[in-house]
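Below: the structure, in structure tokens.
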Amino acid sequence: EAQVTQNPRYLITVTGKKLTVTCSQNMNHEYMSWYRQDPGLGLRQIYYSMNVEVTDKGDVPEGYKVSRKEKRNFPLILESPSPNQTSLYFCASSLRRGRDTEAFFGQGTRLTVV
Amino acid sequence: DQQVKQNSPSLSVQEGRISILNCDYTNSMFDYFLWYKKYPAEGPTFLISISSIKDKNEDGRFTVFLNKSAKHLSLHIVPSQPGDSAVYFCAASPLGAGSYQLTFGKGTKLSVIP
């Protein structure tokens, strides 16, 4: 089954404790992205990657890091989480650039930083 | 500054009637538009898209209309069904980027009343 898998689904952590949210896709997609969803703000893009070793900032990259060492994986790293990073995070992948593709989303990771 | 606006946070419609969800955008560089549906505790799922070279795209009960001069698009669902109850996000992508670089609206919660 074609899917984007995120882990963990739920995470409670303390301020300053480094964490990684993993994302893996099995569709051989070139493009992957991370978004965060906050009440009243919709989804905002954090980082995206156009291919292995190629990443770029989205609209809200502060406090986050990403890496793309393999095509299928795109982990999101919070080096020193803060309470304002409490949010619902989504990973997405898409096949290629252009007007005839859609992004596939994972089921989300709900992160709480206390 | 919000580049994609969904001005109605919620909408209630009777089963069998038409649901019309609206979206406005301000960035003239957007040329690809998508609608996503999101159920609680799930990731967004792709519904329908339209490129700027078209003014209408239809898929079963779902039709998206694009008015470029007004920078406005709308999603029509006919007939509405209780299973359509979800949050609908409008998303836009800049020229050539496709679906890996999406700017989302805040969403409209649709409730279809049996």
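A short reminder: the numbers here are calculations on the coordinates, not readings from a lab. All values derive from a computational prediction rather than experimental measurement. In this analysis, Cβ positions are derived from the backbone assuming ideal geometry, glycine residues included, and neighbour counts consider all displayed protein chains.
One table, with the values for the structure above:
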quantity: Charge dipole of the protein assembly as shown about the Cα centre (unit charges at C-beta), most positive-ward option of A:VAL54, A:THR112, B:GLN101; calculated: A:THR112
quantity: Label zone at B:GLN81, where the point sits 7 Å out along the Cα-to-Cβ direction: the stretch B:32-68 residues whose backbone N lies under 12 Å; calculated: B:60-62
quantity: Dipole-positive endmost among A:VAL66, A:VAL14, A:ALA92 within chain A (Cβ charges, Cα centre); calculated: A:VAL14
quantity: The stretch A:9-50 versus the stretch B:53-114: alpha-carbon centroid distance in Å; calculated: 23
quantity: Alpha-carbon Debye profile of the protein assembly as shown, log10 I(q)/I(0) at 0.14 Å⁻¹; calculated: -0.86
quantity: Cβ charges +1 (Lys, Arg) and -1 (Asp, Glu), total dipole of the protein assembly as shown, debye; calculated: 260
quantity: Magnitude of the charge dipole, chain B, Cβ model with Lys/Arg +1 and Asp/Glu -1, debye to 20; calculated: 120
quantity: Length released on extending from A:SER67 to A:THR13, taking residue separation times 0.36 nm less the Cα-Cα span; calculated: 17.3 nm
quantity: Label-point separation, B:ASN27 to B:GLU58 (7 Å along Cα→Cβ), nm; calculated: 3.1
quantity: Point-charge dipole on Cβ atoms (K/R +1, D/E -1) for chain A, about Cα centre, debye to 20; calculated: 180
quantity: Under 10 Å, Cβ to Cβ, from A:GLY106 - net charge with Lys/Arg +1 and Asp/Glu -1; calculated: 0
quantity: Mean Cα-pair separation over length for chain B, i.e. relative contact order, pairs under 8 Å, 6 or more apart, %; calculated: 37
quantity: Isotropic mean projected area of the C-alpha convex hull, chain B (nm²); calculated: 6.8
quantity: Exceeding the 22 Å Cα-Cα cut-off - candidates B:LYS5/B:LYS71; A:LYS57/B:LYS54; A:LYS65/B:LYS38; B:LYS37/B:LYS106; calculated: A:LYS57/B:LYS54; A:LYS65/B:LYS38
quantity: Mean Cβ count within 10 Å, highest first, over the residues of peptides A:46-53, B:29-36, A:60-67; calculated: B:29-36, A:46-53, A:60-67
quantity: Charge tally in the Cβ shell below 14 Å around B:VAL78, where Lys, Arg are +1 and Asp, Glu are -1, B:VAL78 excluded; calculated: -1
quantity: Within 10 Å of each Cβ in A:43-51, the average number of Cβ atoms from other chains; calculated: 3
